[in-house]
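Enquirer: Please read through the structure below; I'll follow up with questions.
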Amino acid sequence: MLKVLKFRYFLVVLLFVGCGETTEKKPSEAQAEVENTDKEEDVSTDDKVILFYGNSLTAAYGLDVKEGFPNRIQQKLDSLGLDYQVINSGLSGETTSGGLNRLDWVLNQPVDIFVLELGANDGLRGIPIAETMNNLQEMIDMVKDKNPDTKIVLAGMQIPPNMGTDYASQFKAMYPALAESNNIYLIPFLLEGVAGNPSLNLEDGIHPTAEGQRIVTNNVWKILKTIVLPASVAEVTKDAAVEELN
């Protein structure tokens, strides 16, 4: 089995929208950059693929990408001798609408586990819940249509009550509702233990620090390990999971 490079970045473009900022690029330019990057770093491998598809939280905004939770998950998988390749497809500022628009060509590669982490920027903008929910549903449908065997993990998100308590409550409930209706995996709240803690977030109060990303990694691993580990092994590692990831 050939394993030269496992962790790859499918997207290196950042946009300024809500969660993150850089110079905006035209879609054609962005796609060209992605394709060039993928071509340069692509290697022959028999590993299964875990694709993290999200916004600046996945892209590790404000940090070295190696400190982000996708790369930490890769390190965990490698330490357990599991043949998985993590691909980071996080794009800062991404909304569910933007994610839906770029998903088709992202799915041109085989994906065994698809982790969908989008919606936070919709919530910060006050986009109607029905619109956000519909976009997430369409992305879930696209992944299933491309490969029915792909395991889908939906990362739950919560937002502060800036748009009103009713909106925040409906936003929070959207994720478990989607997970249940589609029979997919759910990370209850991606930022559990991190959100609202100034010491675990950058100065913007939104994006996790390196230590915050460690906690996010644990939140993701609690669900992901039930997919990648045999049931007997997952049970044995249950209590030690957090400590091992630190």
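The values are calculated or read from the model by the stated rules, or taken from the named source; none is laboratory data. Everything numeric here is computed off the predicted structure, so don't read it as measured data. As a convention, Cβ positions derive from the backbone with ideal geometry for all residues, glycine included, and neighbour counts pool all protein chains shown. Each accessible area value is taken on the protein alone, full model and side chains, heavy atoms only, with ligands, DNA and RNA left out. Shrake-Rupley method; radii C 1.70, N 1.55, O 1.52, S 1.80 Å.
Enquirer: Treat every Asp and Glu Cβ in segment 140-219 as -1 and every Lys and Arg Cβ as +1, leave all other atoms uncharged, and give the resulting dipole magnitude about the Cα centre to the nearest 20 debye.
Expert: Roughly 160 debye for segment 140-219.
Enquirer: With just the Cα atoms of segment 170-225, tell me how far they stretch along each of the three principal axes, in Å, largest first.
Expert: So the extents along the principal axes, rounded to whole Å, are 37, 28, 12.
Enquirer: Something else about it: Taking 0.36 nm per residue of sequence separation and subtracting the Cα-Cα distance, how much length would be gained by fully extending the chain between Glu211 and Asp46, in nm to one decimal?
Expert: My answer for the length gained is 56.2 nm.
Enquirer: How much length is gained on full extension from Asp149 to Leu82, taking 0.36 nm per residue of separation minus their Cα-Cα distance?
Expert: Gain on stretching Asp149 to Leu82: 22.2 nm.
Enquirer: Take segment 52-142, drop everything but the C-alpha atoms, weight them equally and run the Debye formula without solvent; then report log10 I(q)/I(0) at 0.15, 0.18, 0.19 Å⁻¹ to two decimals.
Expert: These q points yield log10 I(q)/I(0) values of -0.60, -0.83, -0.90.
Enquirer: Could you tell me what % of all Cα pairs in segment 48-104 have separations over 14 Å?
Expert: 55 percent
Enquirer: On alpha-carbon atoms, Rg over Rh for segment 156-195 using Kirkwood Rh?
Expert: 1.01
Enquirer: Compare Lys76, Lys222 by solvent-accessible area with a 1.4 Å probe and give them largest first, with all protein chains kept in place.
Expert: Lys222, Lys76
Enquirer: What are the ³J(HN,Hα) values, in whole Hz, obtained from phi via the Karplus relation 6.51 cos²θ - 1.76 cosθ + 1.60 with θ = phi - 60°, for each residue of segment 96-102 in sequence order, with x given for Gly and Pro?
Expert: Per-residue couplings from phi come out as 5, 5, x, x, 5, 5, 9 Hz.
Enquirer: State whether segment 94-232 is rounded, prolate or oblate according to the following rule on the C-alpha gyration tensor (a ≥ b ≥ c being the square roots of its eigenvalues): a/c under 1.5 gives rounded; otherwise a/b larger than b/c gives prolate, and the remaining case gives oblate.
Expert: Oblate, because a/c is 1.5 or more while a/b does not exceed b/c.
Enquirer: In addition: Just list whichever of Lys146/Lys172; Lys66/Lys225; Lys76/Lys151; Lys48/Lys172 have alpha carbons separated by over 23 Å in the model shown.
Expert: Over 23 Å Cα-Cα: Lys146/Lys172; Lys48/Lys172.
Enquirer: What order do Tyr185, Tyr84, Tyr53 take when sorted by accessible area (1.4 Å probe), most exposed first?
Expert: Tyr185, Tyr84, Tyr53
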